[in-house]
Amino acid sequence: MSRPPVLAATREELAHALAAARRGGATVGVVTTMGALHEGHASLFRHARERVGSGPVVATIFVNPLQFGAGEDLDRYPRTWDDDLATCTREGVDVVFAPPVDEVYPDGDPVVAVDPGPLGAELEGGSRPGHFRGVLTVVAKLFGLVRPDVAVFGEKDYQQLVLVRRMSRDLCLGVDVVGAETVREADGLARSSRNRFLGPEERHRAAVLNRALREAQARAADGLPAARGAAMRLLDDAPGLDLDYLAIRSPDLAEIADPHPVEPVAARILVAARVGTTRLIDNLPLALGGATLPATGATPSGQ
Ligand code: PAF
């Protein structure tokens, strides 16, 4: 039976818990969350444990108002404290930092915040202005308070992972930002705290997102347009789905310069859509190109 984690709600309590846990120069791992923990988060805790060995794994639970825009789901974001604590206990988390809003933002909205750069205004940032400013600012603050060696982020929020990694590098934060593979339901739907908002019919419809990405993977050897076309065929016909974007980018989310590379190159396909009132995102890696194109340069058959 695992020991329950030490709970900290204030900076002082966190510092106290960490001083004890750090003794002997232990490696510290952090998993930042907004609570409503599910199997995806549990897998992040396990990744963190693998990285830190007997060092402390810290979970932060904080629904960050700064990353929600007007009209987004801040108020209805699920809060499931008792279940979250049970998950942290089961997964052997050592310290849970769950501060109130005024502990993180004692002076209200911060005057100095982290600028996510141009990528912060694209894809998710295009649809959710200010979102990544809010994410990076709170993650920088949490890194400052926890001072972790390693931070584990899920690939489900792929753009977030890329930007946090970039922030740690560009601002010399010294945190090793590790990505962990998305945990999925049996039909491929990515695990997400927001899935609980889906009614049974919507839940069924939402599975098309992952099917579309897998279709794209299957056609990726034929180049970017073929991969994109394969995904769009499913998404265009999907009932009850309001597509926000489907994008194929490089692994660091730069635009793809060559849509038909002769040698396979790594890429990422990302999708965002609304099913009912719930906004869902997903992504998968692609190996783009490598198939021999017809000499005419025409798109391969089926396009
Ligand atoms: O991915 C999340 O849950 C949040 O964006 C994060 C990283 C905890 C920042 O609030």
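Computed from the coordinates by the stated procedures, all read-outs in this text should not be read as laboratory data. Quantities reported herein were computed from a predicted structural model and do not represent experimental measurements. Because the Cβ atoms are built from the backbone with ideal geometry, glycine has one as well, and the counts that use them run over all protein chains shown.
Key figures for this structure:
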quantity	calculated
Leading residue at positive end of dipole, the chain (Cβ point charges), from Y245, T33, G126	T33
Normalised convex hull volume, region 216-261, alpha-carbon set, Å³ per residue	78 Å³
Trypsin sites (Lys or Arg not before Pro) restricted to region 1-80 and DSSP loop, no more than 14 other C-beta within 10 Å	R23, R76, R79
For region 1-140: rounded, prolate or oblate by the Cα gyration tensor [a/c cutoff 1.5]	prolate
Neighbour-limited loop hits for GluC sites (Glu not before Pro), region 193-286 (at most 11 other Cβ within 10 Å; DSSP other than H, G, I, E, B)	none
Average projected area [Cα convex hull, region 99-235], square nanometres	10.7 nm²
Equivalent ellipsoid semi-axes, the chain, via Cα gyration tensor eigenvalues times 5, rooted, Å	36, 21, 19
Rg over Rh [alpha-carbon atoms, Kirkwood Rh] for region 132-183	0.94
Sorted by Cβ neighbour density within 10 Å, fewest at the top, the residues V96, V57	V96, V57
Relative packing of peptides 221-227, 190-196, 67-73 - highest average C-beta neighbours within 10 Å first	221-227, 190-196, 67-73
